[in-house]
1. Which members of segment 301-333 meet the condition of being in contact (Cβ under 8 Å) with a residue 40 or more places away in the chain and in a helix (DSSP H, G or I)?
2. All but one of (1) surrounded by fewer than 21 Cβ atoms within 10 Å (Cβ to Cβ); (2) part of a loop (DSSP other than H, G, I, E, B) hold for residue 237; state the number of the condition that does not hold.
3. Which numbered condition in (1) away from the ligand (no atom under 16 Å from the Cβ); (2) at positive phi is the only one that residue 198 fails?
4. Here's a check for you: in segment 47-76, which residue that is within 17 Å of residue 130 (Cβ to Cβ) and within 14 Å of the ligand (Cβ to nearest atom) is nearest to the chain's Cα centre (by Cα)?
5. Which numbered condition in (1) buried (at least 23 other Cβ atoms within 10 Å of the Cβ); (2) under 17 Å from residue 312 (Cβ atoms) is the only one that residue 250 fails?
6. Hey, can you tell me all the residues within segment 167-177 that are more than 16 Å from the ligand (Cβ to nearest atom) and either at pLDDT below 95 or part of a loop (DSSP other than H, G, I, E, B) (or both)?
7. Test residue 256 against the stated conditions and say whether it is more than 30 Å from residue 24 (Cβ to Cβ), free of Cβ contacts under 8 Å to residues at least 40 places away in the same chain, over 14 Å from the mean Cα position of the chain (by Cα) and outside any loop (DSSP other than H, G, I, E, B).
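The values are calculated or read from the model by the stated rules, or taken from the named source; none is laboratory data. As the structure is a prediction and not an experimental result, all values here were calculated from the model. Note that we place each Cβ from the backbone using ideal geometry, even for glycine, and neighbour counts take in every protein chain shown.
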Ligand SMILES: [Zn+2]
């Protein structure tokens, strides 16, 4: 009779999206697995780089600033401006049309960049006050844009490092303000509604209560936020930062929550920096659509949803199985990832 030498892995299902993830820790022992935890960029960055488009603004003029914080021509710390190469552009009108079986519409909207003043002010190393200022700028711009024509959903993202698709090294966030509801957001909204109908409870409330009780996947907690590695983590060290109270709208948070979110981001990104040698990562904020008209989504489903931040280190690459099935193979159990991150110290800050 055949003897199996390897223990079985696990398939884990996300209770909201119903997506499966294959936990295959044995795969991290295969010969090419040293790609995981390979140091990427641990050399300290300079405060200013002459050839950086977001440092040398005299040589690389950007679009005019739409806001600066603090609002001072000389002493600002962060500024926001339209992307020079926008994926979405503002327009006074926009058109939708059909072509045979296909549907299309103009790419109206806004594509903004939030950049720090200095090159070495990445969140993992920056002062917490600066991160809170970044969040304040993002929320101010979010509120400015949410009533504009063609803006029905706003995606806040940050790409850090080459493997995460960052073409500019200088710390920056991007805001994509778009007319359509992304399928991933629709899936989350309808998934939480489906969960509520089935269990008569809010999915994120149940998840957070369970995680706070079990503690094994918690990375960091403060009064307002809980950071944890989700049960069905799609990539090693995936971490979510979730508000402790149910709220679908990121843009509605007040100054105290902003400070607390800044602390949670600094903790998680700092621990990733120390533990995984400054890995490339993407993070994004999932919030309910800002569409007042109900054009893209019936607002009745928002009540079950809770906004949150998802941080995905880019230390593995997708191959055919992931692309063909949408089932990611994750080689690090989220419980192990969280235990590892909890132990990490924060890097020393730049002045
Ligand atoms: Zn720079």
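1. 301, 302, 303, 304
2. Checking residue 237 against (1) surrounded by fewer than 21 Cβ atoms within 10 Å (Cβ to Cβ); (2) part of a loop (DSSP other than H, G, I, E, B), the one that fails is (1).
3. Unmet for residue 198, out of (1) away from the ligand (no atom under 16 Å from the Cβ); (2) at positive phi: (2).
4. Selected residue: 54.
5. (2)
6. none
7. In short, yes.
Each row is one residue, and each column tells you yes or no for (1) under 26 Å from residue 291 (Cα atoms); (2) touching a helix residue (DSSP H, G or I) at 6+ places or on another chain (Cβ under 7 Å); (3) within 16 Å of the ligand (Cβ to nearest atom); (4) free of Cβ contacts under 8 Å to residues at least 24 places away in the same chain.
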| position | (1), (2), (3), (4) |
| --- | --- |
| 114 | yes, yes, yes, no |
| 127 | no, no, no, no |
| 131 | no, yes, no, no |
| 147 | yes, no, no, no |
| 152 | yes, no, no, no |
| 155 | yes, no, no, no |
| 165 | no, no, no, no |
